[in-house]
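Peer 1: Can you read through this structure? Questions will come right after.
The values are calculated or read from the model by the stated rules, or taken from the named source; none is laboratory data. Fair warning: this is a prediction, and the values are worked out from it, not measured in the lab. Cβ sites come from the backbone with ideal geometry, for glycine too, and all protein chains shown count toward neighbours.
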Amino acid sequence: MEDPKAAKEDNRSPLSKVLAAIAGIFQPIIPAITGAGLLKAFMALFVTLGWLDNSTQTYTILNAFADSAFYFLPILLGASAAKSFKCNQYVAMALGGILVYPAFITLMSGEEAVHLFGLPVTQASYSSSVVPILLGVWFMSIVEHFVQKISPQAIKFFSVPLASILVAGTVTVIVLGPIGTWIGDLIAAFFTWLTATAGWLVPTLVGIFNPLLVMTGTHYGLIPIGTNNLATAGFDTVVGPGMLTSNVAQGAAGLAVAIRSRNKDTKQLAASAGLTGVLGITEPVLYGVNLKFIYPLIAAMVGGGVGGLYLGITGVGRYASGSPGLLVLPAYIGGDSMTNFFNACIGTVIAMVVSFVVCFILYSVWEKRGKLDPSETEGN
């Protein structure tokens, strides 16, 4: 007899299956990035309040505590993805380690062209990246299973991991890793063109699609645009505003889940992750809550887009950089009046309220359609 739950899983769209798979890979590492995200948020708050000096050694050490889980994300994801793709967990972690190896990072950030076995290597930064290691471990699983079949039993102990790390490492560095970089460059070129033709629309699109950009790591293609705007014009209306509304909308969606869900574990995770989200650290709420349930992700994209539209129409821009969230609002103080700051605050509130309300409503829709696990609606 066919398992009803399995049938339900099979009826999901390909996109839903991919998102669910990514959420499943992230689920085991949520505690690490949630703890690190909360620490980063509190550090930013303490710096803003003047309780912590960001030029001290204490800050540097605490920043290492808070940033390590994100910087070494490829290693954490390598371990988690290996379980999903059913391959050696430790070899997968080593594959992730390649992407953040200090000498490799130095080589990739240099001015000299890089080659591996005579083949050109696209120079990019892979720390905190997501897609390269997921694709790399997926390909490694194929290599590992193939070598397992053809390798004599007597030499499997070293032939399988040797082939896995060498072949998968080579393909990841030359082919799979640069994919995110290329996509990011295309997205950056699109937004550069859009800024010149309809600048008010850019914060709207960034507000809508930023969660997907973060999920694939392609948001790094936008950051140089904002940095360049701040350096040349001292004012950025392209990247900062849209990311601000997107982040607070994601956090607000997480907080709505914390209120609506009847699952004790979900409530705790959504509350803490939602808090870090509105403060500017979205990975915990994105991967631990919004992507897992989908409806809060939709709500966050709607709220981020509406808030971004308001900021775009009113021409809001930031005068300084910072992790986009409530704590970065002072960076919008500038110009001849406080209008820019007030509009930034209004747009932020709009994004949070819209996201919260839409998420609140979509919970009922998902519940009525039977898309939620019983533990979410009946408690545990």
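Peer 1: Does Tyr319 satisfy the condition of being in contact with a helix residue (DSSP H, G or I) (Cβ under 7 Å, 6 or more places away or on another chain), among the aromatic types (Phe, Trp, Tyr) and farther than 24 Å from Ala41 by Cβ?
Peer 2: no
Peer 1: How many residues are touching a Ser or Thr at 6+ places or on another chain (Cβ under 9 Å) and more than 19 Å from Gly217 (Cα to Cα) when one looks only at region 95-115?
Peer 2: Counting residues in region 95-115 that are touching a Ser or Thr at 6+ places or on another chain (Cβ under 9 Å) and more than 19 Å from Gly217 (Cα to Cα) gives 1.
Peer 1: Collect the residues in region 247-262 that are assigned to a helix (DSSP H, G or I) and either out of contact with any Phe, Trp or Tyr (no Cβ under 8 Å at 6 or more places or on another chain) or at pLDDT below 75 (or both), keeping them in residue-number order.
Peer 2: Once the filter is applied, which keeps residues that are assigned to a helix (DSSP H, G or I) and either out of contact with any Phe, Trp or Tyr (no Cβ under 8 Å at 6 or more places or on another chain) or at pLDDT below 75 (or both), region 247-262 yields Asn247, Val248, Ala249, Gln250, Gly251, Gly254, Ala258.
Peer 1: Check whether at least one residue in region 53-76 is over 16 Å from the mean Cα position of the chain (by Cα), in a helix (DSSP H, G or I), at pLDDT below 85 and of a type in the set (A, V, I, L, M), and report yes or no.
Peer 2: No, that holds for no residue.
Peer 1: Which pairs turn up if I take residues in region 299-321 that are within 14 Å of Met338 (Cα to Cα) and look for partners that are aromatic (Phe, Trp, Tyr) and surrounded by 22 or more Cβ atoms within 10 Å (Cβ to Cβ) with beta carbon separation below 6 Å, at least 6 apart in sequence or on another chain?
Peer 2: That search, which allows pairs on different chains as well, returns Arg318/Tyr332.
Peer 1: Now a separate question. Quick check on region 115-129: of everything there that is of a type outside the set (Ser, Thr, Tyr) and buried (at least 16 other Cβ atoms within 10 Å of the Cβ), which residue is modelled with the highest pLDDT? Let's see the steps before the verdict.
Peer 2: Going through region 115-129, the residues of a type outside the set (Ser, Thr, Tyr) turn out to be 115-121, 123-124.
Within this subset, residues satisfying the condition of being buried (at least 16 other Cβ atoms within 10 Å of the Cβ) are 121, 124.
Working: Val121: 88, Ala124: 81.
Filtering first and then ranking leaves Val121.
Peer 1: What's the number of the condition Asp336 fails, among (1) within 25 Å of the chain's Cα centre (by Cα); (2) outside any helix (DSSP H, G or I)?
Peer 2: With respect to (1) within 25 Å of the chain's Cα centre (by Cα); (2) outside any helix (DSSP H, G or I), Asp336 is out only on (1).
Peer 1: Moving on to the next point. Quick one: Phe104 ticks every box in (1) more than 26 Å from Gly274 (Cα to Cα); (2) in contact with a Phe, Trp or Tyr (Cβ under 8 Å, 6 or more places away or on another chain) bar one, so which box is it?
Peer 2: Status for Phe104: all satisfied but (2).
Peer 1: In addition: Is it true that Gly288 is part of a helix (DSSP H, G or I), touching a residue at least 24 places away in the same chain (Cβ under 8 Å) and either within 26 Å of Phe42 (Cα to Cα) or among the acidic types (Asp, Glu) (or both)?
Peer 2: Working: part of a helix (DSSP H, G or I): yes; touching a residue at least 24 places away in the same chain (Cβ under 8 Å): yes; either within 26 Å of Phe42 (Cα to Cα) or among the acidic types (Asp, Glu) (or both): yes.
Criteria met by Gly288.
Peer 1: For region 284-326, how many residues meet the condition of being over 20 Å from Gly24 (Cβ atoms) and either under 16 Å from the mean Cα position of the chain (by Cα) or not aliphatic (A, V, I, L, M) (or both)?
Peer 2: 18
Peer 1: Listed residues Ile183, Ile174, Ile179; which is more than 22 Å from Leu329 (Cα to Cα), in contact with a strand residue (DSSP E or B) (Cβ under 6 Å, 6 or more places away or on another chain) and touching a residue at least 12 places away in the same chain (Cβ under 8 Å)?
Peer 2: Working: Ile183 fails: in contact with a strand residue (DSSP E or B) (Cβ under 6 Å, 6 or more places away or on another chain); Ile179 fails: in contact with a strand residue (DSSP E or B) (Cβ under 6 Å, 6 or more places away or on another chain).
Going through Ile183, Ile174, Ile179 in turn, just one is more than 22 Å from Leu329 (Cα to Cα), in contact with a strand residue (DSSP E or B) (Cβ under 6 Å, 6 or more places away or on another chain) and touching a residue at least 12 places away in the same chain (Cβ under 8 Å): Ile174.
Peer 1: Go through region 77-116 and report how many residues are of a type in the set (S, T, N, Q), part of a helix (DSSP H, G or I) and more than 20 Å from the chain's Cα centre (by Cα).
Peer 2: Applying the first criterion (of a type in the set (S, T, N, Q)) to region 77-116 yields 80, 84, 88-89, 106, 109.
Subset that is part of a helix (DSSP H, G or I): 80, 84, 89, 106.
Restricting the remaining residues to those that are more than 20 Å from the chain's Cα centre (by Cα) gives 89, 106.
Residues that pass the stated criteria total 2.
Peer 1: While we're looking at this one, here's another question. Within region 230-246, restricting attention to residues that are part of a loop (DSSP other than H, G, I, E, B), among the hydrophobic types (A, V, I, L, M, F, W, C) and farther than 24 Å from Val131 by Cβ, which residue is modelled with the lowest pLDDT?
Peer 2: So the residue we want is Ala233.
Peer 1: Another question about this same structure. Give the number of residues within region 291-333 that are within 16 Å of Gly254 (Cβ to Cβ), at pLDDT 90 or above and assigned to a loop (DSSP other than H, G, I, E, B).
Peer 2: 1
Peer 1: Restricting to helices (runs of 4 or more DSSP H) lying wholly in region 128-229: which have 2 or more residues that are within 30 Å of Gly312 (Cβ to Cβ)? Walk me through how you get there before you give the answer.
Peer 2: Working: elements: 131-150, 156-171, 177-198, 201-216.
Correct list: 177-198, 201-216.
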